[in-house]
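Since every read-out is calculated from the coordinates, none of them should be taken as a lab result. What you see is a predicted model; the values in this text were computed from it and never measured. Cβ placement follows ideal geometry from the backbone for every residue including glycine, while neighbour counts extend to all protein chains displayed.
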Amino acid sequence: MKRRYKLLIIIFLGALITCIIYFSTQKEKTHIVAIGDGVALGMTPYNLVGISYNDYLKEYYENKNNLASFNNEFCLSHLTIDKLLSYLEKNSKGDKTNKYLKQSIEQADILTLALGVDEFADISLRTNDYDKYITEYILNYKNVLSTIRSFYDKKIIILGVYPAMNFSKNEALIVNKELQKVAQSYKAKYLDLFALSLKKEYYLQPQNYYLNYKAHQKIFRDILTLLKEK
């Protein structure tokens, strides 16, 4: 009986030590959560998902043996800022992990947000009067960040918008100016994509606004630079 008792103690201690080692290791590694529209997803002109800057970021931490988890289940083609706010308010579950959105964000060490390019491209096909939509977009972005910052205090990278479909350079500049202010207000890093978006070599097809892998590699490198800043 004593031998059996000792064996149970050894098994219990072994399991406990294994758990402690596992969770302490996981804490040291990086959890990444990516949220966004077709740009964040890496959509291509062929209506297929390609490689995005988020995938390069994931690969970078994997290669350093420093990735605890990667979650991009809320990267959805044509996701709008209004829809994301709704997901946050409802605390929706992801289809892949079955985790609540707030739970996923809370666990993250790095959160990337890229919403607006799809949204304004879609709006541009219906109207050329953007004032109301820009105001609503910025207000919703503030509400999204306010909600996230109520429970999350780590790194947020916000990507700006760029011209798409009939959404012009001038409108994109107006949105980015406001978006940069919002990012600063909520202690998030802001990455401007405007200059990058003007280069022809960053597109597979000139008539389509989705960026190619070279552009996503550049965005990934710029994100790394921002992450290294204090």
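If you line up the long axis of helix 131-149 against the longest principal axis of the chain, both from Cα atoms, how many degrees apart are they, to the nearest 10? Taking the Cα atoms of the chain, the angle to 131-149 is about 10 degrees.
Select from Ile81, Ile148, Gln184 the residue farthest towards the positive end of the dipole of the chain; place +1 on Cβ of Lys and Arg, -1 on Cβ of Asp and Glu, and compute about the Cα centre. Final value for the positive-end residue is Ile148.
Computed from phi, the 3J(HN,Hα) profile of region 197-207 under the Karplus parametrisation 6.51, -1.76, 1.60 (θ = phi - 60°) reads 5, 8, 8, 4, 5, 9, 10, 7, 10, x, 8 Hz, with x in place of Gly and Pro. Counting charges near Ala164 (Lys, Arg +1; Asp, Glu -1) among other residues having Cβ under 13 Å from its Cβ returns a value of -4.
A Stokes-Einstein calculation at 4 °C with viscosity 1.567 mPa s, built on the Kirkwood radius of the chain over Cα pairs, returns a diffusion coefficient of 68 µm²/s. Among the listed pairs Lys169/Lys189; Lys177/Lys199; Lys102/Lys199; Lys64/Lys142; Lys132/Lys218, a Cα-Cα separation exceeding 30 Å is found for Lys102/Lys199; Lys64/Lys142; Lys132/Lys218.
Once the Cα atoms are used to define both axes, helix 213-228 deviates from the longest principal axis of the chain by about 60 degrees. Database remark: amide H of Leu191 closer than 5 angstrom to the amide H of Ile158, Leu159, Gly160 (H placed geometrically; neighbours at sequence offset of 5 or more, or on other chains; Pro and chain starts carry no H). Calculated FRET efficiency, Leu139 and Glu229, Cβ-Cβ r, R0 25 Å, to nearest 0.05? Computed FRET efficiency for Leu139 and Glu229: 0.35. Of the chymotrypsin sites (Phe, Trp or Tyr not before Pro) found in region 186-230, those that fall in a DSSP loop while having at most 16 other beta-carbon atoms within 10 Å are Tyr186. Mean projection of the Cα convex hull over all viewing directions, computed for region 124-189: 4.5 nm².
Round to the nearest 0.05 the FRET efficiency obtained for Lys93 and Asn166 when R0 = 30 Å and r is the Cβ-Cβ distance. In this case the efficiency is close to 0.25.
Go through Ile105, Tyr137, Ala68 and say which Cα lies farthest out towards the positive end of the charge dipole of the chain; charges sit on Cβ, +1 for Lys and Arg, -1 for Asp and Glu. Value: Ala68. Between the beta carbons of Gln184 and Glu62, assuming R0 = 35 Å, the FRET efficiency works out to 0.65 to the nearest 0.05. Beta bridges from DSSP with both residues in the chain: antiparallel share about 20 percent, rounded to the nearest 5.
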